[in-house]
1. Would you be able to tell me the number of residues in region 16-51 that are in contact (Cβ under 8 Å) with a residue 40 or more places away in the chain and over 15 Å from Phe83 (Cα atoms)?
2. Need pairs with beta-carbon distance below 7 Å; first residue of a type in the set (S, T, N, Q) and within region 184-204, second part of a strand (DSSP E or B); sequence gap 6+ or separate chains.
3. Of everything in region 53-85 that's part of a loop (DSSP other than H, G, I, E, B) and touching a strand residue (DSSP E or B) at 6+ places or on another chain (Cβ under 8 Å), which residue is farthest from Leu23 (Cα to Cα)?
4. Restricting attention to region 271-288, report how many residues are touching a Lys or Arg at 6+ places or on another chain (Cβ under 7 Å) and β-branched (Val, Ile, Thr).
5. So, Asn283, is that one under 19 Å from the mean Cα position of the chain (by Cα) and surrounded by fewer than 14 Cβ atoms within 10 Å (Cβ to Cβ) or not?
6. Listed residues Ala113, Ala122, Ala84, Ala60; which is among the small types (Gly, Ala, Ser), touching a residue at least 60 places away in the same chain (Cβ under 8 Å) and surrounded by fewer than 23 Cβ atoms within 10 Å (Cβ to Cβ)?
7. Does Ile95 satisfy being within 16 Å of Thr154 (Cα to Cα) and either touching a Phe, Trp or Tyr at 6+ places or on another chain (Cβ under 9 Å) or of a type in the set (Gly, Ala, Ser) (or both)?
8. Would you pick out the residues in region 12-38 that are over 22 Å from Asp146 (Cα atoms) and acidic (Asp, Glu)?
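Only the coordinates and a few stated rules stand behind these numbers; no lab work does. Treat the numbers as computed from the prediction; the structure is a model and nothing was measured. Note that each Cβ is placed from the backbone with ideal geometry, even for glycine, and that neighbours are counted across all protein chains shown.
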Amino acid sequence: MKDFEIFGNKDTRSGFGEGLTELGKTNENVVALCADLTGSLKMDTFQKENPNRFFQVGIAEANMMGLAAGMTIGGKIPYTGTFANFSTGRVYDQIRQSIAYSQKNVKICASHAGLTLGEDGATHQILEDIGMMRMLPNMTVIVPADFNQTKQATIAIADYFGPVYLRFGRPVMPIFIKPDAPFIIGKADVLIEGTDVTIIACGHLVWKSIEAAKILTEKGYSVELINMHTIKPLDEEAILKSVAKTGCVVTAEEHMKNGGLGEAVAQVLVQNLLAPQEFVAVNDSFGESGTPMELMTKYGIDTANIVDASLKAIARKN
């Protein structure tokens, strides 16, 4: 297994902030709206540099979605910013009716997603948002793996017409995607090639999968690791090509088992290529307060869980 070059450690929300700042300099149609969380979403620099293109809507998320939808009619590209829970659960009706149904060019940018929100607890740790968004017609769903890829995705979606849900988080994690790596919406990245098991992961679980792949390699197994940063449209070709080679698959995500990446992959396999699949995801449960890493371990989405799931998947194909 190859060694990954580490480019430092940083939170993915800062990647969003840097990407948005760059867009402020290069694309005059990009505007930003925030629901009273400018600092948390790292939108401060964009606000300072583009005061006439930044709109602080206060704690009024539903209104923010309506404003964003309206701005697209004038050719603007609105980026909305708040926590993932407030970006989806609180405003689902507005997204469905005013953005997805109408195919408005709104970029819904959601931070503090999943269990790694940590101490804020279950009320804020939304674990259903990927499922909610991928079920909406016309919606694109992107979950980048690290700081660099979040920045790349933030910039890329400005040139991609249509509603997008971009999901990222708060914890500091290793940066392993090259800063100049291309980001292609709907095209998975094969990070490691192997023959015994396919691991398909998104978000923070990509790094956990890299750690798991190292352990599995030391045990004598050959791992193929796919960074599935785009959940919808899903790269079905990459899934089928890999699983045809390895014969089994593990999906890993910081999301509920229901509705997320694992379910999307299962739909592809059941229609095209039956193979053993194991799910590393939260099993029909709300979270709780705790440190991000403690919660990932308790709720079964840590490195050891990916290793165990991989061994189980390999055993099932024999």
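1. Summing the residues that are in contact (Cβ under 8 Å) with a residue 40 or more places away in the chain and over 15 Å from Phe83 (Cα atoms) in region 16-51 gives 9.
2. If the second residue must be part of a strand (DSSP E or B), the pairs left are Thr198/Glu224; Thr198/Ile226; Thr198/Val249.
3. First, the residues of region 53-85 that are part of a loop (DSSP other than H, G, I, E, B): 57-60, 74-76.
Add one more test, that the residue is touching a strand residue (DSSP E or B) at 6+ places or on another chain (Cβ under 8 Å), and what stays is 57, 76.
On the way: Val57: 21, Lys76: 13 Å.
The selected residue is Val57.
4. Result for region 271-288: 1.
5. Numbers: under 19 Å from the mean Cα position of the chain (by Cα): yes; surrounded by fewer than 14 Cβ atoms within 10 Å (Cβ to Cβ): yes.
Considered against the rule, which asks whether it is under 19 Å from the mean Cα position of the chain (by Cα) and surrounded by fewer than 14 Cβ atoms within 10 Å (Cβ to Cβ), Asn283 comes out as yes.
6. Details: Ala113 fails: surrounded by fewer than 23 Cβ atoms within 10 Å (Cβ to Cβ); Ala84 fails: surrounded by fewer than 23 Cβ atoms within 10 Å (Cβ to Cβ); Ala60 fails: touching a residue at least 60 places away in the same chain (Cβ under 8 Å).
Selected residue: Ala122, the only one of Ala113, Ala122, Ala84, Ala60 that is among the small types (Gly, Ala, Ser), touching a residue at least 60 places away in the same chain (Cβ under 8 Å) and surrounded by fewer than 23 Cβ atoms within 10 Å (Cβ to Cβ).
7. On the way: within 16 Å of Thr154 (Cα to Cα): no; either touching a Phe, Trp or Tyr at 6+ places or on another chain (Cβ under 9 Å) or of a type in the set (Gly, Ala, Ser) (or both): yes.
It is false that Ile95 is within 16 Å of Thr154 (Cα to Cα) and either touching a Phe, Trp or Tyr at 6+ places or on another chain (Cβ under 9 Å) or of a type in the set (Gly, Ala, Ser) (or both).
8. Glu28, Asp36
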